[in-house]
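Structure record follows, encoded as structure tokens.
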Amino acid sequence: MSTATACLQHLFAEQRSLEEYQGGVPRWCKGCGDNAILTALQRLCRDEGLRPEKTVFVSGIGCSSRLPHYMRTYGFHGIHGRALPIAEGIKLARPDLHVFVNTGDGDCCSIGAAHWIHAIRYNMNITVLLHDNHIYGLTKKQVSPTSPIGTKSNTTPRGSYLDAMSPLTVTLGIQNASFVAQAVDWIPESLFQIVTAAFRHRGLSFVRILQRCPEFVGSMFEPWVHDPQRMLMLTHENGLKVSPALQKIYRNQIVHDPLDIDRAREIASSEDPIPVGILYHNPAVPCYEDLRRAGMLRTTDSIRSSFEAELDKFTVWP
Amino acid sequence: MNAAAELMGSRNTAKQVVTIGEAVVEIMSDSGEGAQKCGQSFGSIAARMGNGVWTVEIIPAEIQPPARSIAGASGNRIRIGSKRVTNGGDEADLAIAFNEQVLLGRVNAGELKPGCIILLESMWADSADPKIAAQYGETLARLLAEGYRVHEVPMESECRKLVSDPRKGKNMFVLGMLCNLYSLDMDLARDQIAFIFGKKADKIIKSNVALLEAGHAWAEHNLDFGFRVPAVRATEPQLVINGNTAVALGVLASGMDICAMYPITPATSASHYLSDVFERSGGLVHQAEDEIAACAFAIGASYAGKVAVTITSGPGYSLKQEGIGLAVMAEIPLVVVDVQRGGPSTGQPTKSEQSDLLTVMFGSHGDAPKVVMAASTIEDCFHSMITARRIAETFNMVVVVLSDASLATAQQPFPRPEFNEDWLAPPIDQNPVPEGAKPYDWDPVTGLSRRFVPGQPGGMHTLTGLAHDRSSRVAYDPEINEQGMHARSLKLAALQKMLTPPKVFGDDEGDLLVVGWGSTKGAIEESVERMRAEGHKVSSLHLNFLQPMAPGIKEILHRFRQVITIEANWSDLPEDPLIDETNRRYSALAMLLRARYLVDIDCWSEVRGRPIKPGSICAVLRQRLAREEQRS
């Protein structure tokens, strides 16, 4: 048996169970949409055969950002808004690692908004999951940038004043966007399919996941949860494929080519019905880490020779 | 006959060449006229002859300030000496100015010695603009009245004899004059021109050499004075670089792979240089979208790989502090360079100050112990980076290296370092972690724990900025919180035990000890030498480690009757009517030393944006010694 065959057999034998990706017991509230996201990600890790030691979940602060604690991989639960630059540093130092980012609508679209815009532009090979529940949960119900106008919260007791920002249209407006999708926590099958496509995309994949917060805004998505016709499934041979069982429920479908960015921007502007699927996918956008790490190995000799060459430029010889 | 011999043949017999121990020269022009290139070249030639040299840039804050304006002065101060020169010295002995306005700024700031020799471009006297001609006339009259020895030099018209655009070549004419006035070797000067225009055509080199020789000849024939600063050629190769280049070379030599930064004066030139050279050996500079991202990026890179560095200045440091606190809490090694400038807020971006010490020591909320080092010379900027990387990695700590705008742009020759493989970071550990090992298995004595790097099988854990136990699980338990705090603090003590006591400059005991840190070292030691030559029992102590402080300092402080710190940050003036012992704000180091060693330490400080002069320090020391004598 050749070494290559042995390696393949070994890898094949390495299949892990769902339990092997489960970390601490989640402390989210009952009925929280984050549980659905966690399950989809654990299933993704198992099905894609990700080695736990080669996988890092990075997060900021907020309910969403507790997720790494519930995975049995490497995790980095950092500071508010800064998950993306931390993840970029990890990826640039270690392109061999699978890097995921879990962030919330406050973490990504408010305190970390600058990093969000630039992360899209860097287009590093990172899977970003925006847990968007339209509210600050961990700090107990304050308005977020994605809260619909009129949202009553502890800081807007008479209703919020501004129109919600759309993370999808913003992302699609940034240069180098390469993968933009939307999922909802209450259609787990599509959620799983979309995060799988996101993971498989080489570049920054941005998945906005509408996520229910029963504790603070329990009725936020009720109309859509109860009326499947108010969901718009985006199907395409290069995009989401809706299973026959699901087709019976979600009959409102359109064929959308994920390479069509103008149409993607139109669809992204729709709040009702809520689109689900891959809005944009362009595998040809270069990744920052590929542009920056141009095959130069850093060795003692390379450091020594470039160091000596630099000193030569500034040396005054006797 | 070569050009040098030709010049020798036409020596001005009336010329008096005086041998001197040292000289301070300033060259001032409008921005873009090349005074800086002229000054750097003058310093390099003198360095190659074996003179001690220190050059300081005089930089306007704007890119294109208006011509002929006081604030627009751009140039160099060069101090050359027979012995090693460690600082920019006192007031200038000779100043060359391309117009009278740029010179005025220096005169008003008190940067010229009384009776200073001034070589002034004379073309403005005949300006078509009557306002300019009048300004020139008034200034010339004022300078003469104030006793300056002004020589009007027709630089423009002399250069026009050789080139069509004198504005571009005047600086080499001036270099030629300086070579004549300070008896520098013209062959070395020609080599220098070939070196600076190395990538350009021969024609350009030839035309600049012609200007150089013309300047030399003009000074030979028209100026009846000259100086010689005797020099002994160095026997070892010397490196001539500024502090920021030294920082960048230190990053390269330390084996760090990634530098994340955001542009900020006066730190950026370190990253410019690194951007140019780092990739050739597989490293890279990432210009992040902001200071916070630069810090977070470096933290991410450090967490997953080798120690990374972020280089900034005060305002950027303020923004990075939350990230630095995370690195402290999660015990991620990180090197942060703060090239200090004037503060607070935007302050004085191009000027030097030492105002960030307390911020970097105590900054970031909560108890956030980190290592703080201060580079005191340009050579030290280089070695500090290597030491910082090693400490960060050994202790899983944040190490802040303080430099400042003075060191950043000053140049001084120092022995060329010999590359040492031990400087480099070891490869990252990807072995499985031992069975049962925990990511924060704090040693009860040293507080140290091993670092688990992603990729290590069996080491999976979620690192967090929340309080956590040995397994990195979030824990708000009172015992666990204290355990973590305890371990992170102990690491400083563990490092402190490895440090050697600093050496006293001068005698080990005496009447007055001067304590300093950072870029003031050269000026402080020079003033101690001067005071000792006058018979005073004065010594100095310079601290490279500010946190932790090396052992043995207390004993040293107790061997002197008086102790004073000299610093470039604010301290209240005891003579102010409202200031007394109960409210006086001391300089940063004085405050730290008083608190730690319970010694009544005085301070003197200056925040004038320029390097502290040895003469100013001597005046303070004389006053303090006299006051003590009166008392006893």
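None of the figures in this text is laboratory data; all of them are computed from the coordinates on show. As the structure is a computational prediction, the values presented were derived from the model and not from experiment. Neighbour counts run over all protein chains shown; Cβ positions are idealised from the backbone, glycine included.
Results, tabulated for the structure shown:
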| item | result |
| --- | --- |
| Amide H partners (placed H, <5 Å) of B:TYR148, local residues excluded | B:GLY115 |
| Cα-based shape type of segment B:82-205, given that a ≥ b ≥ c are square roots of the gyration tensor eigenvalues and the cut on a/c is 1.5 | oblate |
| Backbone HN-Hα couplings from phi across segment B:512-519 [Karplus 6.51/-1.76/1.60, Hz, Gly and Pro as x] | 9, 10, 9, 10, x, 8, x, 5 |
| Vicinal HN-Hα couplings computed from phi for segment B:98-112 (Karplus, 6.51 cos²θ - 1.76 cosθ + 1.60; Hz; Gly/Pro x) | 7, 7, 6, 6, 5, 5, 4, x, 6, 5, 5, 7, x, 8, 10 |
| P(r) histogram, all alpha-carbon pairs of segment A:17-292 included - 10 Å bins from 0, percent | 7, 32, 39, 20, 2 |
| Burial order of peptide ranges A:257-270, A:30-43, B:556-569, B:368-381 (average beta-carbon count within 10 Å, highest first) | B:368-381, B:556-569, A:30-43, A:257-270 |
| For chain B, share of DSSP beta bridges that run antiparallel, in % to the nearest 5 | 35 percent |
| 5 angstrom amide H check on A:VAL101, placed H, neighbours 5+ away | A:VAL58, A:THR127, A:VAL128, A:LEU129 |
| Label point distance in nm, A:LEU162-B:ARG532, each placed 7 Å from Cα along Cα→Cβ | 6.4 nm |
| Estimated vicinal HN-Hα couplings, Hz - segment B:116-129 in sequence order (Karplus 6.51, -1.76, 1.60; Gly, Pro = x) | 3, 7, 10, 9, 10, 4, 9, 4, 5, 4, 9, 4, 5, 7 |
| Shielding by partners - mean other protein chain Cβ count within 10 Å, residues of B:461-472 | 5 |
| Sites B:ALA595 and A:LEU138 - FRET efficiency at Förster radius 51 Å, r taken between beta-carbons, to 0.05 | 0.85 |
| Average beta-carbon neighbours from other chains, 10 Å sphere, peptide B:233-239 | 4 |
| For segment B:431-498, alpha-carbon Rg and Dmax in angstrom | 12.6, 34 |
| Inter-label distance, nm, simple model (7 Å from Cα along the C-beta direction), B:ARG167/B:ARG84 | 4.4 nm |
| Most to least packed among B:216-225, B:141-150 [average Cβ atoms within 10 Å] | B:216-225, B:141-150 |
| Cβ-Cβ FRET estimate between A:ASN282 and A:GLN229, R0 fixed at 22 Å, reported to 0.05 | 0.10 |
| Partner chain coverage, peptide A:298-308 - average Cβ within 10 angstrom | 6 |
| Nonlocal amide H pairs with B:LEU112, under 5 Å, H built at 1.01 Å | B:ALA92 |
| Global geometry of segment B:240-423, whether rounded, prolate or oblate, following the gyration tensor of its Cα atoms and the 1.5 cut on a/c | rounded |
| B:ARG228-A:ARG16 pseudo-label distance in nm [points 7 Å out on the Cα-to-Cβ vector] | 7.9 nm |
| Of all DSSP beta bridges in segment B:504-631, antiparallel share, percent nearest 5 | 10 percent |
| As computed over the protein assembly as shown, the Cα convex hull volume per residue (Å³) | 229 Å³ |
| Rounded, prolate or oblate (a/c below 1.5 giving rounded, otherwise prolate when a/b exceeds b/c) for segment A:17-135 by Cα gyration tensor | oblate |
| Contour excess over end-to-end distance, with Cα ends at B:HIS486 and B:GLN16 and 0.36 nm allotted per residue | 162.2 nm |
| Charge context of A:CYS32, other residues only, Cβ under 12 angstrom, K/R +1, D/E -1 | +1 |
| Environment charge of B:THR139, counting only residues whose C-beta is closer than 14 Å and scoring Lys/Arg +1, Asp/Glu -1 | -1 |
| Antiparallel bridge percentage (DSSP; both residues within the protein assembly as shown; nearest 5) | 30 percent |
| Ordering of B:480-490, B:237-247 by burial proxy (mean other Cβ atoms within 10 Å per residue, highest first) | B:237-247, B:480-490 |
| Mean-position separation - Cα centroids, segment A:265-311 and segment B:588-632, in angstrom | 53 Å |
| Cross-link pairs B:LYS15/B:LYS170; B:LYS199/B:LYS613; A:LYS140/B:LYS438 - those with Cα-Cα distance over 31 Å | B:LYS199/B:LYS613; A:LYS140/B:LYS438 |
| Mean Cα-pair separation over length for segment B:504-631, i.e. relative contact order, pairs under 8 Å, 6 or more apart, % | 29 percent |
| Pairwise FRET efficiency - B:GLU479 versus A:ARG27, Cβ, R0 = 22 Å, nearest 0.05 | 0.55 |
